[in-house]
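Asker: Quick one: this structure, given as structure tokens, is what I'll be asking you about.
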Amino acid sequence: MPFYKKRQKKEGFTLIELMVVLVITMVLVILVIAGYSEGRPRLAVERTAEGFISDLYRARNKAQAATFYEKEGEPETLIGGEYGIYIEEGADSYFLFVDKDNPQHIEEIKIERFVQILEIEPRDGSGAAKIFYDEDGNFSFQNEDSGAIIFAAKDDDTIRRKVDINSAGIAQTSYDL
């Protein structure tokens with residue numbers, strides 16, 4: 001009979017091992033939550049800028065789909081016409097409209113609650129802009145040939161996204177630094 005005890009193999013984790021795993025998990029969770037809350041306004045600004053570009057192209061497509069029709073004995077009539085977007089600095093929405101001279105709002109488009117319309121270039125003093133396309137595909141931005149809209153986070157206006165619209169009416173986003 002041996003005078004020493006044979007050590008029995010134990011299964012499972014020790015309390016120390018469980019505590020270490022718990023602490024590491026808590027640290028990772030804190031880092032993820034901090035990153036999420038910091039990145040949320042940035043993502044909202046990016047989504048708003050990309051959504052604005054999509055709405056701008058939707059207005060262009062509607063304008064290009066405008067057609068003339070004739071009825072016997074009646075003059076040729078335009079269905080559709082000039083479509084565009086009306087946008088104001090500081091507003092929480094913008095509008096899709098038809099007929100630039102006598103705008104009729106078709107749809108109100110809300111922007112995300114973390115985002116503001118910071119600036120419209122070129123400035124005309126009113127803080128608003130009409131961006132539109134006619135049925136021939138011609139583009140106008142406040143009667144200029146190009147312009148930009150700057151979206152920013154409400155709480156931190158250093159988080160920005162600029163939507164540049166060139167003379168052909170093509171929009172692209174960039175960071176406004």
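Asker: Number of Lys pairs in region 37-174 with C-alpha atoms less than 27 angstrom apart, excluding same-chain neighbours closer than eight positions?
Answerer: For region 37-174, qualifying lysine pairs total 15.
Asker: What dipole magnitude, in Debye to the nearest 20, does the chain give about its Cα centre under +1 on Lys/Arg Cβ and -1 on Asp/Glu Cβ?
Answerer: It comes to approximately 2440 debye.
Asker: Still on this structure, please answer the following. What ranking, highest mean first, results for peptides 32-43, 158-169 when packing means the other Cβ atoms within 10 Å averaged over each residue?
Answerer: 158-169, 32-43
Asker: While we're here: Considering the values [x] 35.6, 115; [y] 28.5, 121; [z] 23.9, 93, which represents Rg and Dmax of the Cα atoms in Å as calculated for the structure under consideration?
Answerer: The listed entry that was calculated here is [y].
Asker: When the helix-only estimate is applied to the chain (DSSP H runs of n ≥ 4, each -39,500 (n - 2.57), divided by the residue count), what is the mean residue ellipticity at 222 nm, nearest 500 deg cm²/dmol?
Answerer: -10500 deg cm²/dmol
Asker: With each label point set 7 Å from Cα along the Cα-Cβ vector, what nm distance links Tyr36 and Leu22?
Answerer: That separation, rounded to one decimal, is 2.2 nm.
Asker: Working out 0.36 nm times the residue gap between Asp145 and Tyr175, then minus their Cα-Cα distance, what length gain in nm do you get to one decimal?
Answerer: 8.7 nm
Asker: While we're on this one: Among 24-31, 107-114, 121-128, how do they line up from the highest to the lowest mean number of other beta-carbon atoms within 10 Å?
Answerer: 107-114, 121-128, 24-31
Asker: Subtract the Cα-Cα distance of Ala91 and Asn166 from 0.36 nm times their separation in residues, and report this length gain in nm to one decimal.
Answerer: Between Ala91 and Asn166, full extension yields 24.7 nm more.
Asker: Hey, with R₀ at 25 Å, roughly what FRET efficiency would Glu46 and Asp124 work out to, going by the Cβ-Cβ distance, to 0.05?
Answerer: In this case the efficiency is close to 0.40.
Asker: Just want to confirm a number: the relative contact order over region 37-174, from Cα pairs under 8 angstrom separated by 6+ residues, in percent.
Answerer: 24
Throughout, read-outs are computed from the coordinates displayed, never taken from laboratory work. No experiment lies behind these values; they were computed from the predicted model shown. Backbone-built Cβ (ideal geometry, glycine too); neighbour counts: all protein chains shown.
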